[in-house]
Amino acid sequence: MALNIPGVVSLSVFYTLTLATGIWASWKSKKDQKNRNPTEMAIVGGRNINAVIGLLTATATWVGGAYINGTAEIVYLPSKGLLWVQAPVGFALSLVIGGFFFINPMRSRNYVTVMDPLQEIYGNVMGSLLFIPPLLGEVFWFAAILASLGATIRVILDIGSSLAIILSAGTVIFYTLLGGLYSVAYTDAIQLVFIMLSLWICIPFALTNSVTESIYHTATHKSYQAPWIGKIEKQYLGRWLDDFFYLVLGSIPWQTYFQRVLSVALLRQARLISYLSGLGCFLMAIPSVLIGAAAASTDWNQTSYGLPSPLDRGESAMILPFVLHYLCPAYVSIAGLGAIAAAAMSSADSALLSASSMFAHNIYRKILRKKASEREVLWTMRVSMLVFGTGAAGLAFYSYSVYDLWFLSGELVYAVLFPQLCCALFIPNTNTYGSATGFLVGLLLRLLAGEPALKIPPVIQYPACSLVNGTYIQLFPFKTFTMLLTLGTIIAVSYLAAFLFKRNLLPRRWDVCNIIKETSTLIPLQQMEKQMGLQMIALEEHHD
């Protein structure tokens, strides 16, 4: 296949527009900074981001390259189908739950990152340990996005994926480094418009192609493969529910989410952004569902792709770019490529900003250099962006293993970090002993359950664990079980430790975490903070 010159030109225009928007947003952030804290300007936009921009960037953060590609792939797979497309509903519910329960306590105490309440309640040592799963998740996520984008550009434009990865990573790192959240938010707004328009332009061509049967017929009738509506077999119900709860609850404790809802001025705006972005995520999945349905309804032997089909060649992960390339005219597939590039970059910049924000604010400022100036913290954040971004770009060349590592780190965030955040925000008097024990329990249980994609056999075989083609598959909802056990461990050990020390059943000198001393001063301090938070919320609502 020859180099697609119009496609290269089109993609160059998109990258230039994105970069220009990021540079302009960086200039705007400096203009709006005035007397505001420069670090907070970079991390949460000085808590003054426009509400409409906040809504667009929150939606674009979730509607990434993996979201639109993965949705199309699951609909296409005969073993899955539409009933296994859980992300649209899962993310929507996650954003509603986050807006209803989590935004208020995070805003009332003026937190900057998701790690702040964990460090405040459990200390810096535990904070540094709990920082590891989300950091790995963000870096692996960035790498996986770059790998997916590189593969897509190779299919449509016949450009080496290495060049695409380097160009995309360089663009994202540059504009994120310049303007922080302002650059990320405004470029996300542009990218979301690209995604929406480009994919919908491609839909009519894919559905009306002569080699594609009616998706209404193939939804329930077998044609070239099983019906794309899919089915949930009884033995897989536990796994389906486990994945669903993982998406709903495991999507909350990420800095990318809190960065958006902490960046606007008013509580009502933050909640509205959370609710409406959930609706936006659901609606943005529709084009990908239709593309996946078109792929499942296509006679691939009549296309230039030929046989075997993408499924038989093990290339189902690329089904969305294949539909754009083989079922749409060339100029239309170029528009679709713009959508994929936009979706990838809108998630990549968020992951990069999230990782560097937590490192600079929670690790460097609070642990390594407690007396660091604002300028020093800001430059630390920029250097960490460069390091994390470069490292992720290097990992992107190992695409399959990076995806698997991202899934594992994301599950660790669900099993370990979500219960820690719930306890820190909602359950009084949990302490460092409970946090540390919960961390170890959650980490061990998740790792001992194995990971088929990484060839890690399970040490713990839960009920209904099955051997399929030489690989053990856990059908029991072990991820949610691990999360609940971690939550119970944190609460039980926290109250047990406090009881033992308060009743002098254990010598006070063994209280290395000083929970008895902290309990006496922390309770009134928390009450004071709660009262101040309520007053701030009342003022916000009054001004609103």
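The values are calculated or read from the model by the stated rules, or taken from the named source; none is laboratory data. This is a predicted model, so every value here is computed, not measured. Neighbour counts are summed over all protein chains in view; Cβ atoms, including those assigned to glycine, are modelled from backbone coordinates with ideal geometry. Surface accessibility is based on the protein's heavy atoms, side chains included, excluding ligands, DNA and RNA. Shrake-Rupley method; radii C 1.70, N 1.55, O 1.52, S 1.80 Å.
At a glance:
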{"item": "Kirkwood Rh and Cα Rg combined as Rg over Rh, evaluated for the stretch 269-425", "result": "1.07"}
{"item": "√(5λ) per eigenvalue of the Cα gyration tensor, the stretch 71-123, largest first, Å", "result": "36, 13, 7"}
{"item": "Distance from the stretch 206-233 to the stretch 72-144 (C-alpha centre basis), Å", "result": "34"}
{"item": "The stretch 20-104 - convex hull of alpha carbons, volume per residue in Å³", "result": "125"}
{"item": "Cα-Cα over 29 Å, subset of LYS30/LYS366; LYS479/LYS502; LYS222/LYS455; LYS231/LYS479", "result": "LYS479/LYS502; LYS222/LYS455"}
{"item": "Table column - 3J(HN,Hα) (Hz), the stretch 302-312, Karplus curve with 6.51, -1.76, 1.60, x for Gly and Pro", "result": "8, 9, 5, 5, x, 10, x, 6, x, 5, 5"}
{"item": "Per-peptide average of other Cβ atoms within 10 Å, ordering 58-70, 153-165 highest first", "result": "58-70, 153-165"}
{"item": "The chain - mean residue ellipticity at 222 nm from DSSP helices (-39,500 (n - 2.57) per run, n ≥ 4, rounded to 500)", "result": "-23000 deg cm²/dmol"}
{"item": "Under the Karplus curve 6.51 cos²θ - 1.76 cosθ + 1.60, θ = phi - 60°, whole-Hz ³J(HN,Hα) for the stretch 290-297, x wherever Gly or Pro sits", "result": "5, 5, x, 5, 4, 5, 6, 9"}
{"item": "Summed residue charge, Cβ within 13 Å of LEU82's Cβ, Lys/Arg positive, Asp/Glu negative", "result": "+1"}
{"item": "For the chain, accessible area per residue (1.4 Å probe, heavy atoms of protein chains only), Å²", "result": "42"}
{"item": "Amide H within-cut-off set for GLU451, under 5 Å, with H built and near neighbours excluded", "result": "ILE456"}
{"item": "Loop trypsin sites (Lys or Arg not before Pro), the stretch 2-34, which have at most 16 other Cβ atoms in a 10 Å radius of their Cβ (DSSP)", "result": "LYS34"}
{"item": "Length gained when the stretch LEU467-THR390 is fully extended (0.36 nm per residue, less Cα-Cα span)", "result": "23.8 nm"}
{"item": "Whole-number percent relative contact order across the chain, with pairs defined as alpha carbons under 8 Å at least 6 apart", "result": "27"}
{"item": "Two-site label geometry, TYR216 and TRP27: point separation in nm, points 7 Å out along Cα→Cβ", "result": "5.2"}
{"item": "Semi-axes of the equivalent ellipsoid for the stretch 97-245, Cα gyration tensor, largest first, Å", "result": "38, 26, 17"}
{"item": "Using θ = phi - 60° and Karplus 6.51 cos²θ - 1.76 cosθ + 1.60, couplings along the stretch 231-237 (whole Hz; Gly, Pro as x)", "result": "7, 10, 6, 4, 6, 9, 5"}
{"item": "Environment charge at ALA296 (Cβ cut-off 15 Å; Lys +1, Arg +1, Asp -1, Glu -1)", "result": "-2"}
{"item": "Charge tally in the Cβ shell below 12 Å around THR18, where Lys, Arg are +1 and Asp, Glu are -1, THR18 excluded", "result": "-2"}
{"item": "Highest-first arrangement of 262-271, 464-473, where packing means the average Cβ count within 10 Å", "result": "262-271, 464-473"}
{"item": "Compactness index (Cα Rg / 2.2 N^0.38 Å), the chain", "result": "0.99"}
{"item": "Mean Cβ count within 10 Å, highest first, over the residues of peptides 203-211, 455-463, 321-329", "result": "321-329, 203-211, 455-463"}
